[in-house]
Each structure stands twice: as structure tokens, then as C-alpha cells.
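Comments concern the structure below.
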Amino acid sequence: MLVINQKLKFMKKIKIIHILNSVGGVDVSLRLILENCNSEEFENIIIHGKHDTKSVYINKNGKPLKEYKLPIQREISIFRDLKAIYNTIKILKLEKPNIIHAHSAKGGVIARTASIFYKIKVLHTPQAYSYLSSPKGFKRIVFLGIEKAFKGFSSILVASSTSELNRGLFEVGYKKQNTELFNNSINPITINSEDKISSQIPKKYICSVGRPSFQKNIEMMIKVIKELKKMIPEIHLVLLGVGEYSPNKNKVEELIIKYKLKDNVTLIPWIAREKIFQIISKSELYISTARYEGLPYSIIEALALGKACIVTNCDGNRDLVKNAINGYVVEENEIKSMANRIFELYNDNKKRKKFELNSFDSFNLNYNIEKNIVNIETIYKKYSN
């Protein structure tokens, strides 16, 4: 072992530059990779937005990593985007990395444009393709066209789920040899049983994590609660993550008032992840009404906490939840169908407990980063030559 460690010490590290707009699941994904990646073999540098995350990035040993902050943001801005690309090229020439790992649509555009001027292989993880934000029409055509154009720019797709991989192959048009799969994964979760949750939350409730937005379709969730109230008058939904980047928050609040659900819904802003885990762990079950996902961390966390899940049939959700195994999958906007499935598991303790055990087994087998980190490390080594 001593000999191996000494060899690693003198080996030249593989230098990776990560490029992203560091918010939400994209930020969580990168942090989990960085904090589990072998710091003896890999040197990680991060390029992200000036106004996104305020928390420093650390490696496996807890040491801060080098960061560059550029004008990178979710919205399209020709001036800011060109400035970010120009500065990225300068950083690449200075740092001379072996590969780039671009995260999200914006990270992908900046990295692959920069690679025209600084020849380097770009690994791209969309974390849900941007064209999925528009079900049809001109915007979808444009965003899909951008992905199709950029796939040829020294680009390797590193999909976060099987559904995302299939879209890359059959819609974006990647060749199979230019694709890889690395499932989003997390560390096992430990709950402090002595921690108490807010007194505003009742003892029995269902929960979800998701900002009110087109993607998360929280309006459907509120309509499901309206339907459920007819069957379970005391039903209560705890919705977490209602804070920044919540464009549909007002709509959701209006629906809660319209359907007289103020006593049936609790909205909670962004709080520490440990507190989120505490609330999920004490819930009866987890639900999602998303229209599209990459591979959602909130559901992976629910699996890790051994929760049965009832979700809509979209990318990411259907990868994690297997119908009648660890939950149920229903079609988008099937309000009564989802309400009936929630009613069934809410009242059937035996079936719910069976699903809960299957959820935990699924997490441990497929989404435990302590087991899966070697997969992304192998991908980095493969394309760094």
C-alpha cells in the first residue's frame, strides 16, 4: 500500500476544468463529484457564475479548490455569454487542462464554443436538456438545434440518466461511441433522530422538493391535493425549495387560496439540506409532478431515506421509480390517478413498507456515490489522453 501511495504522489494529476451556472441540482451534482473524487489523481478547477453559489468548492480532503468567477447565468445574454467565452479561453490557455467537464446547457455552450479556439475534449452533462423546457414550438426547435450543432464540437455526452442518454442518441443525434452514462449519485444519508422539525408541520404529511416553475409543475401538485382532500380531509403537503428562482410562486399561492387549501399545504423556502432530509425522512411518502428532469437529486434522496415515491412519467422520474416496486408512475396531469395512488399508499401500511425497503435497496445498488465515483473517474481517465 505504501508503494502505491508513493507512486500516486509522483504521478502527474489529470487536470479537469468544470464549467457551469452553479445553481440547484447542477451545483449539487458537481459538489458530490468533487468531494468524492480521488484528489491524489485529479486536480479540479471550477469556472462558474459571479452571482450563483456563495459556498466554496472543496475536494475529498476538505481543501478549497481553485475557482474562477465569470458572467455566467441561466438567461441568454449575448454580451455576457461572449465575455464568458472569451475569459474561458484565456483561463484554458493559462491552466492547460486535460479535459473540460461542462455541466448544464449554459456550461455546455460556453465550454464547447471555447473548445473551437483551444482544442480540448469536452464532456457535457446536460442535467435535463434545455429544449425540454418548451414542449413544442419555435423555442424548442432553436434549443434542440443548438444541441445538435454543438454535439460535433469535440463533445462527449456524459448523461446523468438512461432517459437523458436515449435523448442524446435519438433526438440530439450523438453517435453511441461519443456517449457515456454516469447516474447522479449521493452519499448515504444519516439522520439525527434527536433533531425536531418545525411545529408548523403536522405529524402526518406527504412531501416534495421543487421550486414553483414550468419544469416542476407544482400547479398539478396543488390540484392533486385538492382532489385528495375529498378522500382525506386532513391531508397535508409540505413543499420544500420555494425560494429563489421560483417564477410560478404567485400562481401556486393563488391556487392554494382558490381551492381553500391553506390548512393543507405548507410552503418552505430553501433550508439546509440536513433539515430537508429530516422532513423527508418523517413523511409518509414522496411525490413529484415534474414535466422533465435529468436525474433528480430530491428523489434519489427520498430513495436513500427509504421512501415510497409517486411521480409523473418523465425523464429522470421513471429512471428512479419503478411502477409497483418502489412507488407508482402516473402520466402528466392525470390528477385523479395520482390522487388515487397517494390515497392507496397513504392508507396501506404493508404495501408502503414494502416499497420503502425496495427504495433503499435501489439507492444502495444504483445511486450510492461512494460506490459509483470510480465510474466518473474512469471516464475522466479515458478522455484525458
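The values are calculated or read from the model by the stated rules, or taken from the named source; none is laboratory data. Everything numeric here is computed off the predicted structure, so don't read it as measured data. When we count neighbours, we look across all protein chains shown, and the Cβ atoms used for this are built from the backbone with ideal geometry, even at glycine.
Suppose we keep only residues that are charged (D, E, K, R) and either outside the structural domain of residue 12 (by TED's automatic domain parsing) or not in a helix (DSSP H, G or I) (or both) within the stretch 136-151. Which one would you say is surrounded by the most Cβ atoms within 10 Å (Cβ to Cβ)? Filtering the stretch 136-151 for residues that are charged (D, E, K, R) and either outside the structural domain of residue 12 (by TED's automatic domain parsing) or not in a helix (DSSP H, G or I) (or both), the one surrounded by the most Cβ atoms within 10 Å (Cβ to Cβ) comes out as 151. Restricting the first member to the stretch 262-283 and to residues that are closer than 25 Å to residue 353 by Cα, and the second to residues that are of a type in the set (Gly, Ala, Ser), the beta-carbon pairs closer than 7 Å and six or more apart or on different chains are 280/302. Restricting the search to helices (runs of 4 or more DSSP H) fully inside the stretch 1-116 and requiring at least 3 residues that are over 24 Å from residue 294 (Cα atoms) gives 2-10, 78-95.
Residue by residue, here is whether (1) modelled with pLDDT under 95; (2) among the aromatic types (Phe, Trp, Tyr); (3) surrounded by fewer than 21 Cβ atoms within 10 Å (Cβ to Cβ) holds:
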site: 22; (1), (2), (3): yes, no, no
site: 31; (1), (2), (3): no, no, yes
site: 55; (1), (2), (3): yes, no, yes
site: 65; (1), (2), (3): no, no, yes
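Could you tell me whether residue 385 is in a loop (DSSP other than H, G, I, E, B) and either touching a residue at least 40 places away in the same chain (Cβ under 8 Å) or on the phi < 0 side of the Ramachandran plot (or both)? Judged against the criteria, residue 385 is a match.
Take the stretch 124-171 and flag every residue that is at positive phi and of a type in the set (Ser, Thr, Tyr).
154 - this is the single residue of the stretch 124-171 that is at positive phi and of a type in the set (Ser, Thr, Tyr).
Within the stretch 252-348, which helices (runs of 4 or more DSSP H) (wholly inside it) include 2 or more residues that are of a type in the set (Ser, Thr, Tyr)? Once the helices (runs of 4 or more DSSP H) in the stretch 252-348 are filtered for at least 2 residues that are of a type in the set (Ser, Thr, Tyr), what remains is 297-304, 335-347.
Name the residue, out of 133, 154, 77, that is touching a strand residue (DSSP E or B) at 6+ places or on another chain (Cβ under 8 Å), at pLDDT below 90 and assigned by TED's automatic domain parsing to the domain that holds residue 12.
Testing whether each residue is touching a strand residue (DSSP E or B) at 6+ places or on another chain (Cβ under 8 Å), at pLDDT below 90 and assigned by TED's automatic domain parsing to the domain that holds residue 12 leaves just 154.
Here residue 51 fits the description: at pLDDT below 90 and either touching a strand residue (DSSP E or B) at 6+ places or on another chain (Cβ under 7 Å) or not basic (Lys, Arg) (or both).
Pairing each residue of the stretch 89-102 that is in the same structural domain as residue 37 (by TED's automatic domain parsing) and touching a residue at least 24 places away in the same chain (Cβ under 8 Å) with any residue that is among the aromatic types (Phe, Trp, Tyr) and in a strand (DSSP E or B), provided the two are 6+ apart or on different chains, yields C-beta distances under 6 Å for 91/68.
In this structure, is residue 84 closer than 24 Å to residue 379 by Cα, in contact (Cβ under 8 Å) with a residue 24 or more places away in the chain and of a type in the set (A, V, I, L, M)? In short, no. Taking the criterion of being farther than 17 Å from residue 158 by Cβ and not basic (Lys, Arg), the residues of the stretch 358-385 that qualify are 358, 359, 360, 361, 362, 363, 364, 365, 368, 370. Within the stretch 154-171, if we keep just the residues that are in contact (Cβ under 8 Å) with a residue 60 or more places away in the chain and in a strand (DSSP E or B), the residue that is farthest from the chain's Cα centre (by Cα) turns out to be 156.
Quick one: would you say residue 70 is buried (at least 19 other Cβ atoms within 10 Å of the Cβ), under 30 Å from residue 169 (Cβ atoms) and either at pLDDT 95 or above or not hydroxyl-bearing (Ser, Thr, Tyr) (or both)? Spelling it out, it is not the case that residue 70 is buried (at least 19 other Cβ atoms within 10 Å of the Cβ), under 30 Å from residue 169 (Cβ atoms) and either at pLDDT 95 or above or not hydroxyl-bearing (Ser, Thr, Tyr) (or both).
So that you can scan it fast, the table gives a plain yes or no per residue for (1) farther than 19 Å from residue 286 by Cα; (2) at pLDDT 95 or above; (3) surrounded by 16 or more Cβ atoms within 10 Å (Cβ to Cβ):
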position: 193; (1), (2), (3): yes, no, no
position: 211; (1), (2), (3): no, no, yes
position: 217; (1), (2), (3): no, yes, yes
position: 230; (1), (2), (3): yes, yes, no
position: 238; (1), (2), (3): no, yes, yes
position: 245; (1), (2), (3): yes, no, no
position: 255; (1), (2), (3): yes, yes, yes
position: 258; (1), (2), (3): yes, yes, no
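Within this structure, residue 89 passes the test of being closer than 26 Å to residue 129 by Cβ and hydrophobic (A, V, I, L, M, F, W, C).
Among the residues making up the stretch 307-339, those that are surrounded by fewer than 19 Cβ atoms within 10 Å (Cβ to Cβ), farther than 23 Å from residue 213 by Cα and either in contact with a strand residue (DSSP E or B) (Cβ under 9 Å, 6 or more places away or on another chain) or touching a residue at least 40 places away in the same chain (Cβ under 8 Å) (or both) are 322, 323.
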